[in-house]
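Engineer: One structure, pasted below without further comment.
The values are calculated or read from the model by the stated rules, or taken from the named source; none is laboratory data. Keep in mind the model is a prediction, meaning the values are calculated, not measured. FYI the Cβ positions are ideal-geometry reconstructions off the backbone, even for glycines, and counts take in every protein chain you see. Each accessible area value is taken on the protein alone, full model and side chains, heavy atoms only, with ligands, DNA and RNA left out. Shrake-Rupley method; radii C 1.70, N 1.55, O 1.52, S 1.80 Å.
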Amino acid sequence: MKNCPIYAIVITVKLYIRGDKGSLSSTNPKDIALQFRPSLNWEELKMALRGVLLLLFGVLLCVNVDGLQAVQVVGNGTLQLGYYRTTCPQAESIVKEEVAKALSTNYGLAAGLVRMHFHDCFVRGCDGSVLIDSTSNNVAEKDAPPNNPSLRGFEVIDSAKARLESLCSKVVSCADILAFAARDSVQFSGGLPYQVPAGRKDGRISQATETISLPPPTSNLSQLTQMFANKGLNQGEMVTLSGAHTIGRSHCSSFSKRLYNFNTTVSQDPSLDPAYATQLKQQCPNSSVSANLTVPMDPRTPNLLDTSYYSGILANRGLFTSDQTLLSNASTAALVQQNARNWWLFQSKFAAAIIKMGQIDVLTGSQGEIRANCRRIN
């Protein structure tokens, strides 16, 4: 029961009930009924029913959460499950508490932390280098165009690190904290629980120029496939990890070319659903002002890690070129259809893929260091 993710279940039920319309003022069933009785429509009722089912699943999960892990892993020979069991037993629970605290006031940080873990692992491996601040003589990864100003959640890592340093000084790495925080964010967004092998050490180098290894939203299928293959991830894992776009928001500048300047022949991407394009143009006008505006990547359920992202792609409503391009090949299109139809299968595959991603080029043993402050090398 000590690892029971009941807080995640309660938050997720709230989101299923209200979708993207905001959070509830109370979790008391009577208060919920009174709040929705005047305006409950069929779509909200369906979400509420899904929420009840999820709550029942959560109760079962609390009976023996360790026995119901979505994916069991044993590490990669260097990373280990329960790595801090003797040196800092509260490490994972402290990170989860800090993530929960942050999400209680800003739920969008869940997507931010998942994306931060991805951007960390795809540059120099999962070594926490994305957390390092720039200096007067070095522009760090976090200030490169793919990360600034869109990457967020650094303060959550800082808070967790501060607590851990006061309890277990120089024991828990920033890279592991980020991997734990991404896992907790997945779970708080309605994803299945999974275990994170730990033992990563922190890197000492962070350079903006190396973010060229991050797949841009304009990537076509062959470019995406190659960039994931460079990190040891296959095409199926690429399609699955792309499902992280079901949560979070995007700046208009990341896809505006599809709306206004697609190519020399047509201004609007013909693969984009016209009605969706019209909606996006209203949210992102063709002006310099729109560069700072954001839209949800999955407008139907922007705070839930579900299969709506894949349903959107099948309806030609993928926000990025890199989303819609998943239909350009028969094998990847089949995977999109499979994920759209089967929630449990997608969740299981996502957990397995993000665990594998979290082991890319890790530093262990005498490699790297344990930073005292995640923003600075020791």
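Engineer: Find the residue count for the stretch 122-141, including only residues that are farther than 17 Å from I370 by Cα and either crowded, with 24+ Cβ neighbours inside 10 Å or of a type in the set (V, I, T) (or both).
Structural biologist: Summing the residues that are farther than 17 Å from I370 by Cα and either crowded, with 24+ Cβ neighbours inside 10 Å or of a type in the set (V, I, T) (or both) in the stretch 122-141 gives 5.
Engineer: Answer with yes or no whether V239 is within 30 Å of A175 (Cα to Cα) and touching a Cys at 6+ places or on another chain (Cβ under 8 Å).
Structural biologist: no
Engineer: For the stretch 343-352, what are the residues that are touching a helix residue (DSSP H, G or I) at 6+ places or on another chain (Cβ under 9 Å) and surrounded by fewer than 22 Cβ atoms within 10 Å (Cβ to Cβ)?
Structural biologist: Correct list: L345, A352.
Engineer: Here is a follow-up. Please determine, by comparing only the residues of the stretch 305-333 that are over 19 Å from L241 (Cβ atoms) and not aliphatic (A, V, I, L, M), which one is surrounded by the most Cβ atoms within 10 Å (Cβ to Cβ).
Structural biologist: R317
Engineer: Give the stretch 305-340 a look and list any residue that's part of a helix (DSSP H, G or I), of a type in the set (A, V, I, L, M, F, W, C) and farther than 18 Å from T218 by Cβ, or say none.
Structural biologist: L314, A330, A333, A334, L335, V336, A340
Engineer: Is one or more of the residues making up the stretch 296-304 open to solvent by 60 Å² or more (accessible area, probe 1.4 Å) and under 17 Å from the mean Cα position of the chain (by Cα)?
Structural biologist: yes
Engineer: Quick check on my filter: what residues within the stretch 357-378 are more than 23 Å from the chain's Cα centre (by Cα) and of a type outside the set (D, E, K, R)?
Structural biologist: Scanning the stretch 357-378 gives T364, G365, S366, Q367, G368, I370, A372, N373, I377, N378.
Engineer: Within the stretch 191-207, is even one residue touching a residue at least 24 places away in the same chain (Cβ under 8 Å) and assigned to a helix (DSSP H, G or I)?
Structural biologist: No - not one qualifying residue is present in the stretch 191-207.
Engineer: Moving on to the next point. Cβ contacts < 8 Å: first residue without any contact (Cβ under 8 Å) to a residue 60 or more places away in the chain, restricted to the stretch 101-127; second residue outside any helix (DSSP H, G or I) and of a type outside the set (V, I, T), any location; separation 6+ or different chain. Result?
Structural biologist: A102/G153; D120/C126; D120/D127; D120/G128
Engineer: Looking at the stretch 176-190, can you tell me whether even one residue there is modelled with pLDDT of 95 or more, open to solvent by less than 50 Å² (accessible area, probe 1.4 Å) and more than 19 Å from the chain's Cα centre (by Cα)?
Structural biologist: No, the stretch 176-190 contains no residue that is modelled with pLDDT of 95 or more, open to solvent by less than 50 Å² (accessible area, probe 1.4 Å) and more than 19 Å from the chain's Cα centre (by Cα).
Engineer: Kindly provide the set of residues from the stretch 227-244 that are open to solvent by 50 Å² or more (accessible area, probe 1.4 Å) and either closer than 17 Å to T321 by Cα or small (G, A, S) (or both), ordered by number.
Structural biologist: A229, Q235
Engineer: Still on this structure, I have one more. Yes or no: the stretch 216-226 includes at least one residue that is part of a helix (DSSP H, G or I), among the aliphatic types (A, V, I, L, M) and either open to solvent by 40 Å² or more (accessible area, probe 1.4 Å) or on the phi > 0 side of the Ramachandran plot (or both).
Structural biologist: No, that holds for no residue.
Engineer: Here is a follow-up. D158 - would you say it is open to solvent by less than 50 Å² (accessible area, probe 1.4 Å) and in a loop (DSSP other than H, G, I, E, B)?
Structural biologist: no
Engineer: Moving on to the next point. Looking at the stretch 134-148, which of its residues are closer than 22 Å to V362 by Cβ and either touching a strand residue (DSSP E or B) at 6+ places or on another chain (Cβ under 7 Å) or in a helix (DSSP H, G or I) (or both)?
Structural biologist: E141, K142
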